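Asker: First, the structure itself, so that you have it in front of you.
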Amino acid sequence: GAGPPTMGAGPPTMGAGPPTMGGGPPGSAAPAAPKAPAPVSFYNTGGGGGGVAGVTGQMGQMSVGPPSSMGAGPPGPGAGPPGPGGVPAGVPPGMGGGAYGVPPGMEGGMGPGGGLPPGAPAPAEPIKLDPDAQCDTRYMRFTAGKISHSEDGAKNTKVPMGVVLNPMAMDMPGDNDPVDVVNFGATGIVRCKRCRTYINPFVNWLNNGRQWRCNICGYVNEVPSTYFSHLDEDGQRRDKAQRPELCKGSVELVAPSEYMLRPPQAPVYVFVMDVSAGAVSSGMLNCAVATIKECLDELPGVAGGRTQVGFLAFDSAVHFFNLKSSLSQPQMLTVPDLAELFLPLPDDLLVNLTDCRHVVDALLDALPTMFASTRKLDCALGPALVAANRIQSHIGGKMVVFLSNLPSVGEARLKHRENPRALGSDKEHVMLNPSEEWYKTKAIEFSRFQICVDLFLFSSQYTDVATLSCLPKYTAGTLQYYPAFHASRDGVKFQAELKRCLLRPTGFEAVMRVRCTRGLRIANFYGNFFIRGTDLLALPNCHPDNSFAFDIVHDDAVLATNLVSVQAALLYTTSNGERRIRVHTMAIPVTQIAGEVVKSVDVDCMCNIMARQSLDVALKSGLEAARHKLQTACVDMVRGSQPGGQMAPGMHGQPYGQPPMGAAAQQQQAPPALPDALQLLPLYTMALQKSIVFRGGTDIRPDDRAFAMMRLNTMPSEESRYFIYPRMFALHNLPDGAGLPAAEDAPDEQAVGKSMRVTLPPMQNLSADRLQSDGVFMLENSLECVVWIGRATSPQVLQALFGIPSLDEVDFNTVALLEQNGSDLAARVRRLVTALEEERNVSLQIHLVREGDQNAEPRFFRYLVEDRAAFNGGSYSYHEYMSQINRSTKGMY
């Protein structure tokens, strides 16, 4: 966003000059994303054509590649086992003298330590990478633009190495950045015979194009005769520009028949609906069936007549619905015996939507009235899940579950374990871990049958989100939580999120594997998935909202290359029944100079990785241990970025971008307190420690915290940057242009939106000092909007924004939010909110908070992270926190 206004008591920086990295809080700017691949029509690279006739079967036999019989073969002529430094022996003279993965002339010695040793030759010129050859950062984003050449160098800088990965990030309609589709035909997919890496722009071509060296393992492969092309004077294939897989970092390969073991999976949707008294009285059931009916015509696969649907309902019993096409009305069959559950009609509970559409419509019209007078409070979720599994286990698909109460009868019933006395104690994290293994075990079973669970929770009381979240966690699903749901207040958000869940582009029966250059290894994965073996991620469904992350560590003491690569391959089935392999490849230069690593840090991506790492610590050791890990990581990186391990004398405690009076000479004599890339690190670290996920105190309920943890663990960097440090805008005095369409060339930090770019107003510092009693301020954090209204706000502003003349005796639950009443201010604010939602594909529910409201105001003040927080370890302002980081960096604990 745009930088904040200067202020005398504003938050300090670690040195003179405005922060330049990140793009979250005031004064920041997002790093430029590489150019996205241009749209290209279907492309054949081989002599044969082909659609896809089948699809992979059971997960245990799936891999991102052909069966083992298609595995590594012997090297061709001129190739041999790797020699010293990872260069294969037998490479023709003049063709392979350098480190693999490096263009000729770019090789360089790799000495130990953070800088060049005495007498060492000057470093090679910087490696120049074609931006088009890199995959877009919205797909794959590394924590730094360069990587240390040695394990010791990485330990010295303390910069965590990791990648945030969103393999289908730009598949939503309106993104206009389709991935090129490549069909190798009779040639077969070109892959490394040893490590199975897919051909990509960063391989080296040898022997006049007859061989290629893998940029992951260094193996020299033969080029198939039907894929051969001569090289140009730069050592690149002459047909490079015509082959997307050789010039673009992201491509989608049509998988041949050897990648499939069963017919294509049809898109399947089984709805498991709570029909207890709580679900009916809150309006949840009405909202759900209305949204489902609205989406039926647009479900993936409907156009081809392939989509199948089924419905289950549960309260204290399980209700099945016969949807046979020959019926004029659906038949409900109830099984009250939960101990001996069976399927009353195995063949007609899952039906083709096109063939049985009239019966499905009749069921959705009748469901709300069927249970309108129910008084049953119990929820038999466990038996309902078992029944749904039996219905769809032969084919897989998506299971959409709606729950309005704590499961109380049948297997997998849960107990109320919320203990207010444990809040803020060293035992609080026990309530954030699952209490029942049944849900994890069942989720892993679902994953084996290719079933993904999307879970929607609505309870007005304790629901044990920590335990129930195992269902989406291990099946690559999503979790949505609406505490104390009421249709009049929360219905719009619920319906928008359910619609997105059902209609977003979805890959079925997916698996994903990530590979990195030899000398590095992947240490940990984060996100929603079940990992099979050591590195195969099982994803029954994959969609644009799936975000994963993983740590990368040095496996060798010194890397034998000047350029390392990371490749992610996602094998999945489209809703049209085609088997595809989505391949993303990125390359990261290697450096011997520690300062270059620090200067290249992507602070948004790094904080995303740090947050996910700390989530594991919080669940295992407690919230205090997680906060300590965050602060230790920050201190270590600050210390590692400074010569001699200490911060240089600098200007601390100043407003954003404001040097102190008379500091010009000091700026010339002393280096900056922090590199530009780390200017926002202390602020983000403090914000994380005070966030709903990690903060201490007794004001966060276990269900709220467990949901926030689940969401943070699946957020892409673009979304987590504002979850960590929310954006706050003043609405009562929007400057000219704010909330209006932006110019076509407006930079990303000044505009937001997709279909229409909207100019952002200036960001405000997250401090109560910025609030005014005659003002209205909106704060958004990627999940919700909270609007704070000062008690002295003018009647004109109140009327324009909310349609009310004053705040006296107004129930905010009944106020029409940002009412469209013809006022220019309301239209600009609504346009701004719509653009924010569109930018991050979320639905932002707006909560109104009146100044002085003792019940609602703490919810808003919780996000003002630059002020002191009321919990042990958080009682410091940003200025005080910076002083603490400064002392810790210098060893003055």
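The values are calculated or read from the model by the stated rules, or taken from the named source; none is laboratory data. Everything quoted here is computed from the prediction, not taken from an experiment. A quick note on method: Cβ atoms are made from the backbone with ideal geometry, for glycine too, and the neighbour counts reach across all protein chains shown. Note: accessible area is taken over every heavy atom of the protein model, side chains too, but ligands, DNA and RNA are not part of it. Shrake-Rupley method; radii C 1.70, N 1.55, O 1.52, S 1.80 Å.
Asker: Please work out the C-alpha center-to-center distance from the range 367-389 to the range 412-445 and express it in whole Å.
Answerer: What the calculation gives is 23 Å, centre to centre.
Asker: Roughly how many Å² of H847 are accessible to a 1.4 Å probe, to the nearest 10?
Answerer: My reading of the accessible area for H847 is about 40 Å².
Asker: What is the extension gain from T698 to T226, computed as 0.36 nm multiplied by their sequence separation minus the C-alpha to C-alpha distance, in nm to one decimal?
Answerer: Residue separation times 0.36 nm, minus the Cα-Cα distance, leaves 163.2 nm.
Asker: Report the Cα-based extents of the range 192-236 along its three principal axes, largest first, to the nearest Å.
Answerer: That works out to 28, 21, 15 Å along the principal axes.
Asker: Something else: Assigning unit charges at the beta carbon (Lys, Arg +1; Asp, Glu -1) and nothing else, what dipole magnitude in debye, to the nearest 20, does the range 412-544 show about its Cα centre?
Answerer: 320
Asker: Then there's this: Averaging sequence separations of C-alpha pairs under 8 Å and six or more residues apart, then dividing by the length of the range 163-224, give the relative contact order as a whole percent.
Answerer: Relative CO of the range 163-224 lands at 20 percent.
Asker: Full-extension gain between S875 and S316, please, as 0.36 nm times their residue separation minus the C-alpha to C-alpha distance.
Answerer: Result: 196.5 nm gained on full extension.
Asker: Pairs of Cα atoms under 8 Å, at least six residues apart: use those to get the relative contact order of the range 129-284, whole percent.
Answerer: Computed value for the range 129-284: 23 percent relative contact order.
Asker: Can you compute the modelled spin-label distance between H416 and A856, with each label point 7 Å from Cα toward Cβ, in nm?
Answerer: Each label point lies 7 Å from its Cα, and together they span 2.7 nm.
Asker: Roughly how many whole Å is it from the C-alpha centroid of the range 692-735 to that of the range 841-873?
Answerer: Cα centroid of the range 692-735 versus Cα centroid of the range 841-873: 10 Å apart.
Asker: Go through F529, F456 and list them by solvent-accessible area, largest first, probe radius 1.4 Å.
Answerer: Final ranking, largest accessible area leading: F529, F456.
Asker: Between the range 246-261 and the range 775-812, how many Å separate their Cα centres?
Answerer: 52
Asker: Ok, one more. Around N524, under 10 Å between beta carbons, what's the net of Lys plus Arg minus Asp minus Glu among the other residues?
Answerer: Net charge around N524: -1.
Asker: I've got another one for you. Kindly rank 196-203, 296-303 from highest to lowest mean number of other beta carbons found within 10 Å of each residue.
Answerer: Most protected by this proxy first, the peptides run 196-203, 296-303.
Asker: With the other protein chains left in place, how much accessible area per residue, in square angstrom, belongs to the range 531-595 at a 1.4 angstrom probe?
Answerer: So the range 531-595 comes to 22 Å² accessible per residue, rounded to a whole number.
Asker: So, one more: Give the peptides 748-756, 504-512 in descending order of average Cβ contacts within 10 Å, highest first.
Answerer: Sorting 748-756, 504-512 by mean packing, highest first, produces 504-512, 748-756.
Asker: Give me Rg over Rh for the range 323-377, both radii from the alpha carbons and Rh done the Kirkwood way, two decimal places.
Answerer: 1.02
Asker: If every alpha-carbon in the range 439-506 counts as one equal scatterer, what log10 I(q)/I(0) does Debye give at q = 0.23, 0.29 1/Å?
Answerer: Listed by q, the Debye log ratios stand at -1.01, -1.19.
Asker: Quick one: in the range 439-588, what % of C-alpha pairs are over 21 Å apart?
Answerer: 54
Asker: Within a Cβ distance under 13 Å of M709, other residues only, what is the Lys/Arg minus Asp/Glu net charge?
Answerer: Summing Lys and Arg as +1 and Asp and Glu as -1 gives +3.
Asker: So if I place +1 on the C-beta of Lys and Arg and -1 on the C-beta of Asp and Glu, and nothing else carries charge, what would the dipole magnitude of the range 242-294 be about its Cα centre? I want it in debye, nearest 20.
Answerer: Charge dipole, the range 242-294, about its Cα centre: 80 debye, nearest 20.
Asker: Starting from the Cα of I531, step 7 Å along the direction of its Cβ; do the same at R238; then give the gap between the two resulting points in nm.
Answerer: Placing both labels 7 Å along Cα→Cβ, they lie 4.7 nm apart.
Asker: Taking all protein chains as present, what is the carbon and sulfur share of the accessible area of the range 353-462, in % to the nearest whole number, probe 1.4 Å?
Answerer: 49
Asker: Still on this structure, I have one more. Lys and Arg at +1, Asp and Glu at -1: add these up for the other residues within a Cβ distance under 12 Å of S547 and post the number.
Answerer: +2
Asker: What distance in nm separates the simple spin-label points at R262 and R791, each placed 7 Å from Cα in the Cβ direction?
Answerer: So the label points at R262 and R791 sit 6.5 nm apart.
Asker: Here's another thing I want to ask about it. Order of 461-467, 255-261, 270-276 by packing, highest average Cβ count within 10 Å first?
Answerer: Ranking the peptides 461-467, 255-261, 270-276 by packing returns 270-276, 461-467, 255-261.
Asker: So what is the accessible area of the range 168-230 per residue, in Å², with the probe set to 1.4 Å?
Answerer: Heavy-atom SASA per residue in the range 168-230 reads 31 Å².
Asker: So, one more: For R138, what accessible surface area do you get with a 1.4 Å probe? Give it in Å², rounded to 10.
Answerer: About 90 Å², ignoring ligands and nucleic acids.
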